[in-house]
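One structure is given below, encoded as structure tokens.
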Amino acid sequence: MLATGRSFRSVKIDPLIQKGAEQSVLYLELADGQHIGLSRSRRKGHTLKLQGLKQNNWEEVARLLPVQVLDSTAFLLLEGSPRARRQFLDWGVFHVEPSFVANWRASRKCLANRNLLLKRSSLDEQQLSAWDTELCSYANLVDFARREYFESFAPMLQKTLRSLGGRAMPDLAFTYYRGWGEDEELEQVLTNTLQADLKYGVSQHGPQRADVRIKIDRSNAVELLSRGQQKLVVCAMKIAQGILLSEAAGSRCIFLVDDLPAELDKENRTAVFSAIQDLGGQVFLTSVDRQDCWGEGGKTATFHVEHGTIST
């Protein structure tokens, strides 16, 4: 909630507020003494504060709380739409390239304005040309940052996957697709596909179409891997990002892990636990069986939840 502004369970506000109350309040103190507070109200929106100062967006807080979630939704990295993989990629770029978020926001603004023009009954070609020029400028900056990050991420992912026991898997190929052809300039692509864009009222090419493609030969990996192999791959993807964050920014990921034993045998589970523990960050795990919840070593504390009451 504090890292992203919403729960991984639901985007709705009401389930996050106690019955009969008007708002929920979360407060956190980091190891370095910094304070973060968030209030979510049923009627008045939210208020986010860092060191007592109101924040207009989540940028600074998100940098302080690099959270990775490993739960059933992690499978979307393989079986979901490109949006899930694009968000995953952008999370990594955001944490290692400070200028990325400004360029990403600018590209989104250009796309929104371009799409509005495409939906009009009569096309304003002069405005469209102006927004195309702006879009291409920011799209190239976004693409450059994504590509540079991916060039570090892909080999780290392969290394991490091998360490988790991925040797028995078929050869996986991880490739970055920027949202338009590698040998084409975006400005020319937008010109060539204008009629199709007008037909659908939306831009068909650009950084909003970027993807990380995961294949075995010519097939999508999700079609050939078992459920257990899929889970190892998504775990490796999350852990690899944690390693890169430590190397590039000197930060440590906070891992939120739910029901890791599902789909993984003891050997693979132990390998994943060990890799997360080696990152040295804080880890929150939920499990129905304490024996399956964590490996040997490391400082641990247990929280028991029953009927909404938490005990230690």
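Worth a mention:
- Computed from Cα atoms, the angle from the helix 100-119 axis to the main principal axis of the chain rounds to 50 degrees.
- Assuming charge only on the beta carbon of Lys and Arg (+1) and of Asp and Glu (-1), the dipole of the chain about its Cα centre is about 960 debye to the nearest 20.
- In segment 66-311, the ratio of gyration radius to Kirkwood radius, Rg to Rh, stands at 1.05 when only Cα atoms are counted.
- Nearest-0.05 FRET efficiency for residue 163 and residue 227, computed from C-beta distance (R0 22 Å): 0.60
- Computed from the Cβ-Cβ distance with R0 of 25 Å, the FRET efficiency linking residue 21 to residue 305 stands at 0.80.
- Degrees between helix 82-96 axis and first principal axis of the chain (Cα, 0 to 90, nearest 10): 80 degrees
- If you run the Gaussian network model on the chain, springs between alpha carbon atoms under 10 Å, then out of 70, 16, 225 the most flexible one is 16.
- Relative contact order, whole percent, for segment 12-92 stands at 16, derived from Cα pairs under 8 Å and 6 or more residues apart.
- Added length on full extension, which subtracts the Cα-Cα distance from 0.36 nm per residue, residue 87 to residue 119: 8.9 nm
- Ranked by how many other Cβ atoms sit within 10 Å of their own Cβ, fewest first, the residues 237, 169 fall in the order 169, 237.
- Its relative contact order, with pairs defined as Cα atoms under 8 Å and 6+ residues apart, puts the chain at 17 percent.
- Other residues within the sphere of radius under 12 Å centred on the Cβ of residue 72, judged by their own Cβ, net out at -2 (K and R +1, D and E -1).
- Most tightly packed first, judged by the mean number of other beta-carbon atoms within 10 Å of their residues, the peptides 143-156, 43-56 read 143-156, 43-56.
- Gaussian network model of the chain, Cα within-10 Å springs - most flexible of 111, 30, 232: 30
- Under 12 Å, Cβ to Cβ, from residue 1 - net charge with Lys/Arg +1 and Asp/Glu -1: +3
- Tilt relative to the chain, helix 266-278 - C-alpha long axis, 0 to 90 degrees, to 10: 80 degrees
- Where a label projected 7 Å from the Cα of residue 286 along Cα→Cβ would reach, residues of segment 244-264 with amide N under 15 Å: 255-262
- Gain on full stretching of the segment that runs from residue 109 to residue 274 - 0.36 nm per residue minus C-alpha separation: 55.2 nm
- Once C-alpha pairs closer than 8 Å and six or more residues apart are averaged by separation and normalised to the residue number of segment 126-211, the relative contact order reads 35 percent.
- Taking Cβ atoms as reference points and 9 Å as the exclusive limit, the residues near residue 173 contribute a net charge of 0, counting Lys and Arg as +1 and Asp and Glu as -1.
- Cα-based reach from residue 215 at 19 Å (exclusive), listing lysines while leaving out same-chain residues under 8 positions away: 159, 231, 238
None of the figures in this text is laboratory data; all of them are computed from the coordinates on show. The structure displayed is predicted, hence computed values, not measured ones. All Cβ positions, even for glycine, are placed from backbone atoms using ideal geometry, and neighbour counts span all protein chains on display.
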